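Student: Got a structure here, written out as structure tokens. Questions coming.
The values are calculated or read from the model by the stated rules, or taken from the named source; none is laboratory data. The model shown is predicted, which means the values in this text are computed figures rather than measured ones. Here Cβ is always computed from backbone atoms with ideal geometry, including for glycine, and neighbour counts include all displayed protein chains. Please note that ligands, DNA and RNA were not included when accessible areas were found on the heavy atoms of the full protein model with its side chains. Shrake-Rupley method; radii C 1.70, N 1.55, O 1.52, S 1.80 Å.
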Amino acid sequence: MEILNILWGALIVVLASLCVSVSNSGASGHPILPVDAPLPPSASVVAAEEDVGGRADEEEDDFFDPYAVMKELSDDDWDELEDIRLIIDLNKQQRNVRFSHDRKEWSKHVDMLLQTNEFHKRFRMSYNDFESLLEALEEALTVSFAKSRASTDGNDPIYPEIIMACGLRFLALGDNPATLSDLYGMSVSSAKRVINMFLDAVDFNTSFAPLQVKLPDPNDHEALHALAFRWSEVSSAFGLMNGHLGAIDGWLPRTEMPWDVPNQTDYFSGHYQCYGLNVQALCDPDLLFLYVGVVAPGKTNDIRAFTWCQLLLDWLEALPPQYYIGGDNAYCISRRLLIPFNKNEIYHEDCRTYNFYLSQLRMRIEMAFGLLTTKWRRLRMALNFSSAKNAKIIRVCTKLHNYCIRRKHERGEGRIGIFTGTGRPDPKEYGIIPLHGEGNRTSIMGYLDTHPDDDPVDISLLIPDFSRRNAIMAEIDGRSLKRPEANIIRNE
């Protein structure tokens with residue numbers, strides 16, 4: 001055994017020598033090495049060869065000759081080494097064994113879900129909408145039949161409908177890869193792979209119009225006029241907010257502490273006591289997203305994050321002068337972006353009237369976020385992937401959100417009319433489930449908005465432009481407009 005202890009230092013050399021068949025052994029039973037086999041250098045020789053200073057080689061007495069050691073091995077030693085080799089080979093064979101998973105029979109699965117009225121709950125869309133989306137993504141979700149059968153020892157490949165089902169359940173229900181692998185008959189690694197395939201298929205798709213998140217062309221005056229008219233239809237301000245094209249706000253989707261960024265503290269919201277991302281989004285009156293940008297760490301103030309939305313800023317700059325968007329007090333007022341009066345700025349009842357009618361439009365982005373997180377429940381969990389994948393999940397969910405709404409519109413459903421009364425609708429009436437969490441992580445609108453206290457900004461450094469708001473205030477005064485009586489009573 002003492003000799004074996006010495007031999008561990010050259011285990012690779014010895015195991016390599018064991019590759020020679022015992023049947024070719026000599027009279028002693030020891031393997032016969034090839035005559036022209038080069039002698040492997042010892043550690044001391046390698047060190048001498050790499051010594052650029054030209055130090056002399058070690059003394060010959062210190063040279064370790066594994067062949068000399070092998071000649072001294074007894075039959076028992078060789079038996080023990082042979083046992084080691086067999087154990088290694090056995091483990092290697094066990095790792096290569098593939099389990100043949102039984103694929104879920106999709107047609108039976110669909111029949112069961114349709115007959116039990118569970119299809120929409122599982123995939124957040126009707127079967128017809130599922131089929132329409134599958135047709136658009138099928139090429140991106142199709143795997144090579146030959147390669148799949150070769151890698152699974154003849155098992156059927158994972159078909160596009162199963163891949164899409166896994167991706168939708170991952171986003172809609174928050175199912176993990178292990179659950180999906182058991183449900184649809186595949187390995188956990190395959191479940192992870194098909195989820196990523198689905199995310200990429202949606203994220204990189206630019207040709208299927210119902211799936212897109214897209215700003216209208218600033219040079220298409222007909223499209224801009226139509227969008228502004230749709231906003232006027234959902235306002236009771238009687239033309240007061242003409243030219244309004246979208247509502248903007250910030251959203252804080254929660255994440256685990258990021259591991260692939262240089263400064264994790266930038267992602268930590270002190271107000272909500274959690275990590276997250278700052279997402280800036282713009283929506284239309286039907287809660288369709290026109291712009292979504294995962295632009296900053298969660299701690300970032302909306303004013304600062306807005307300046308990083310270069311695509312949106314370029315679009316606003318290119319708009320004709322009569323158009324603008326609306327936001328909350330987290331932004332800086334300008335001719336392109338209207339915000340409400342804050343409490344310290346309200347000096348007249350007309351200010352409250354202005355706030356009411358602007359809020360009547362602006363709350364639609366809050367509803368869009370709430371509907372998004374209600375439908376795609378993965379977004380109510382702490383995203384625990386890489387920063388790039390977290391952002392991809394958010395983008396994919398917003399595209400699916402748009403797809404579902406547009407399909408409803410094609411069927412004559414899903415339009416949201418004017419908010420009357422106090423001005424703030426009941427979220428549950430529109431399918432939004434409030435968010436209930438620990439401490440400050442509670443929201444009646446179903447999402448966490450970004451909080452300015454996490455990243456104070458010196459607004460004195462900003463250059464506001466009050467001209468558009470002043471013009472609206474003059475019109476309110478000239479027309480003697482008042483907010484609804486119910487809203488007045490509510491805020492007394």
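Student: Arrange the peptides 481-491, 383-393, 255-265 so that the one whose residues have, on average, the most other Cβ atoms within 10 Å appears first.
Tutor: Values: 481-491: 14.6, 383-393: 16.8, 255-265: 13.1.
Packing order, densest peptide first, comes out as 383-393, 481-491, 255-265.
Student: Which order do peptides 311-317, 79-85, 330-336 fall in by mean Cβ count within 10 Å, highest first? Before the final figure, lay out the partial values.
Tutor: On the way: 311-317: 15.6, 79-85: 13.3, 330-336: 18.9.
So the peptides 311-317, 79-85, 330-336, ranked by packing, come out 330-336, 311-317, 79-85.
Student: Probe radius 1.4 Å, ligands and nucleic acids left out: which of 221, 271, 244 has the largest accessible area, and how do the rest follow?
Tutor: 221, 271, 244
Student: Within the accessible area of the range 218-354, what % is carbon and sulfur when the probe is 1.4 Å and the other protein chains stay in place? Spell out each step's value before the answer.
Tutor: Working: 2990 of 5630 Å².
Carbon plus sulfur share of accessible area: 53 percent.
Student: Whole number please: convex hull volume per residue of the Cα set in the range 380-421, in Å³? Before the final figure, lay out the partial values.
Tutor: Details: hull volume 4.4 nm³, N = 42.
It comes to 105 Å³ per residue, whole-number rounded.
Student: Just to confirm, what accessible area per residue do you get for the range 307-371 at 1.4 Å probe, in whole Å²? All intermediate terms of the calculation are to be shown ahead of the outcome.
Tutor: On the way: 2550 Å² over 65 residues.
So the range 307-371 comes to 39 Å² accessible per residue, rounded to a whole number.
Student: With each label point set 7 Å from Cα along the Cα-Cβ vector, what nm distance links residue 352 and residue 385?
Tutor: If labels sit at residue 352 and residue 385, their model points lie 4.8 nm apart.
Student: Here's another thing I want to ask about it. Can you list, bin by bin at 10 Å, the percent of alpha carbon pairs in the range 333-437, starting at 0?
Tutor: 12, 33, 31, 21, 4
Student: Multiplying the sequence separation of residue 179 and residue 265 by 0.36 nm and subtracting their Cα-Cα distance, what value in nm do you get?
Tutor: Numbers: separation 86, 0.36 × 86 = 30.96 nm, distance 3.28 nm.
Result: 27.7 nm gained on full extension.
Student: Hey, another quick one. Can you tell me the mean projection area, over all orientations, of the convex hull of the range 307-389's alpha carbons? Units nm², please.
Tutor: 8.0 nm²
Student: Let me ask you something else. Would you mind counting up the charge near residue 335? Only other residues with Cβ under 10 Å from its Cβ, with Lys and Arg at +1 and Asp and Glu at -1. Write down the numbers at each step before the final one.
Tutor: On the way: positive: 336, 468, 469; negative: 465.
Charge balance in the 10 Å sphere: +2.
Student: Now for a separate question. Please report Rg over Rh for the range 157-314, where both radii come from the alpha carbon positions and Rh follows the Kirkwood definition.
Tutor: My calculation of the ratio gives 1.06.
Student: Sticking with this one: Highest mean first, what order results for 226-234, 113-121 on Cβ atoms within 10 Å? Write down the numbers at each step before the final one.
Tutor: Working: 226-234: 15.7, 113-121: 12.4.
Highest-to-lowest ranking by the protection proxy: 226-234, 113-121.
Student: Using 31 Å as the Cα-Cα cut-off, could you pick out the over-long pairs in 299/399; 214/482; 108/408; 343/399; 343/392? Don't jump to the answer; show the numbers that get you there.
Tutor: Numbers: 299/399 25 Å; 214/482 35 Å; 108/408 27 Å; 343/399 36 Å; 343/392 38 Å.
214/482; 343/399; 343/392, as the Cα separations exceed 31 Å there.
Student: Rg/Rh for the range 169-257: what does it come to with C-alpha atoms and Rh from Kirkwood?
Tutor: 1.18
Student: How large, in Å, is the range 168-219 by the Kirkwood hydrodynamic radius built from its alpha-carbon pairs? Numbers along the way, then the final one.
Tutor: Details: mean 1/r = 0.0782 Å⁻¹.
So the Kirkwood estimate lands at 12.8 Å.
Student: In whole Hz, what ³J(HN,Hα) sequence does the range 394-410 give by Karplus (6.51, -1.76, 1.60; θ = phi - 60°), x for Gly and Pro?
Tutor: Listing the rounded values in order: 5, 4, 5, 5, 5, 5, 5, 4, 5, 4, 5, 5, 5, 5, 5, 4, 4 Hz.
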